[in-house]
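Asker: A single structure is presented below for examination.
Bear in mind these aren't lab numbers, they're just calculated from the coordinates by the rules spelled out. Here the structure is a predicted model, which means the values were calculated and not measured. Cβ coordinates were reconstructed from backbone atoms using ideal geometry, including for glycine residues, and neighbour counts include every protein chain displayed.
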Amino acid sequence: MNARTVPAETVRKSRGVERAVAGRATADGAGVRLTRVLTQDLQRRLDPFLMLDVFASDDPDDYLAGFPDHPHRGFETVTYMLAGRLRHRDSAGHEGLLENGGMQWMTVGRGVVHSEIPEQEEGRMEGFQLWLNLPARDKMSDPWYRDFAAAELPRFATANGVAATVIAGASHGVTGAVTRTATAPLYLDLRLPAGTAFAQSLPAEHNAFVYVHGGAARIGDETVPAGRMAILANDPAADGVLIEAAEDARLLLIAGRPLGEPIAQFGPFVMNTQQEIYQALADERDGRLG
Ligand code: CO
């Protein structure tokens, strides 16, 4: 898909950086090394987002084990692959290959058992998995799944040279691959050449963060280096965010409407109450999950 060129937007007053977070090195699945950037202690602050994992490695030992069959219930997963090949299979009968620049959106709903296994034995594996909460009324909905190849993801470029991939939501008049009503997620992958800036309007009550994965970005008087997540302040006077790049920068800008509902998480299950977690565990035990 050719990127449409659109006029750059402006914001009257930009949000600032409330806090920059480095995340925590961890392992998941059968031993995949990754960095959990949005950790459980930030779920309330960044509601409706529950988790952001970043994996980036040239060493096959870091990723070869993959993520064998495991269950989920109660939220959505968004997996965006910059490099590498990952095969997805799930109990709802979906199968797909996630690769270079592609994205997979899975609404887990009442339950899915899935696996994500690398289809490469060498080379680079790099990508992100974001967990987006579902409102209470949708947590037991039917599972939904879709793969988008890189060429299917909507893109645009601003007149000043910033390139954007719109994974979710809408930006500069371009609607993304997926939209959701309750949480209204905005998920942009942005490339800012040195000396450019990008303005994005954001509803003041939406929670928002930026994850820089290449170069460095400037927001207000704060420089955010690669590997850091900047939580953007919820400033009632701000109408969006202005991101500036003194050097080439590559980053994710993610925002959404908080649900304001109780969050009960146990591993791969995210519900509203402890009772619902016990139910999920019982359903998993009895094979009713996927
Ligand atoms: Co999973």
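Asker: Explain nothing, just the number: relative contact order of the range 4-285, from Cα pairs under 8 Å at least 6 residues apart, as a whole percent.
Answerer: Details: 799 pairs, mean separation 62.4, N = 282.
Once normalised by length, the contact order is 22 percent.
Asker: Got a sec? Charge dipole of the range 4-285, +1 on Cβ for Lys and Arg, -1 for Asp and Glu; which of Leu252, Gly123, Val17 is way out at the positive end?
Answerer: Val17
Asker: Amide H neighbours of Gly214 under 5 Å, at least 5 residues apart or on other chains, H built in the peptide plane: list them.
Answerer: Result for Gly214 returns Gly227, Arg250.
Asker: Okay, next question. For the chain, build the charge dipole from Cβ charges (+1 Lys, Arg; -1 Asp, Glu) around the Cα centre, then report which of Ser201, Ala264, Gln275 sits farthest towards its positive end.
Answerer: Positive-end residue among those listed: Ser201.
Asker: Okay, next question. Which order results if Ser171, Ser201 are arranged by neighbouring Cβ count within 10 Å, fewest first?
Answerer: Working: Ser171 24, Ser201 15.
Lowest to highest Cβ neighbour count: Ser201, Ser171.
Asker: Additional query: How far apart, in nanometres, would the label points at Ser201 and Asp142 be if each is projected 7 angstrom from Cα along the Cα-to-Cβ direction?
Answerer: 3.6
Asker: In addition: Any chance you could tell me what percent of the C-alpha pair distances in the range 151-290 go past 22 Å?
Answerer: Working: 4722 of 9730 pairs.
For the range 151-290, the fraction of Cα-Cα distances above 22 Å is 49 percent.
Asker: Hey, what's the Kirkwood Rh for the range 4-285 if you take every pair of different alpha carbons, in angstrom?
Answerer: Details: mean 1/r = 0.0524 Å⁻¹.
Result for the range 4-285 stands at 19.1 Å.
Asker: A follow-up question, please. So how strong a dipole does the chain carry about its Cα centre when Lys and Arg Cβ are +1 and Asp and Glu Cβ are -1, to the nearest 20 debye? Walk me through the intermediate numbers first.
Answerer: Values: 28 positive and 38 negative charges, 158 e Å.
It comes to approximately 760 debye.
Asker: Using every Cα-Cα pair within the range 143-194, state what percent have a distance larger than 19 Å.
Answerer: Working: 381 of 1326 pairs.
Cα-Cα pairs in the range 143-194 separated by more than 19 Å: 29 percent.
Asker: Turning to a different aspect of this structure: Mind listing the phi-derived Karplus ³J(HN,Hα) values for the range 200-214, rounded to whole Hz, using 6.51, -1.76 and 1.60 with θ = phi - 60°, and x for any glycine or proline?
Answerer: Those phi angles translate into 10, 6, 9, x, 4, 7, 6, 7, 8, 8, 10, 10, 8, 10, x Hz.
Asker: Would you please report the Å³ per residue occupied by the convex hull of the alpha carbon atoms in the range 40-105? List each step's numbers first, then the result.
Answerer: Details: hull volume 7.8 nm³, N = 66.
That works out to 118 Å³ per residue.
Asker: Let me ask something else. What do you get for the angle between helix 274-285 and the principal long axis of the chain? Use alpha-carbon atoms, 0 to 90 degrees, nearest ten.
Answerer: 60
Asker: Using helices alone, I'd like the mean residue ellipticity at 222 nm for the chain: each DSSP H run of four-plus residues gives -39500 (n - 2.57), total over residue count, nearest 500. Can you show the working numbers first?
Answerer: Numbers: 2 runs with 16 residues, N = 290.
My calculation for the chain gives -1500 deg cm²/dmol from helical runs alone.
Asker: Give a quick list of GluC sites (Glu not before Pro) in the range 70-128 that DSSP marks as loop, anything other than H, G, I, E or B, with at most 15 other Cβ atoms within 10 Å.
Answerer: Working: sites: Glu76, Glu95, Glu99, Glu116, Glu119, Glu121, Glu122, Glu126; in loops: Glu119, Glu121, Glu122.
Taking the range 70-128 and a limit of 15 other Cβ atoms within 10 Å, the loop GluC sites (Glu not before Pro) found are Glu119, Glu121, Glu122.
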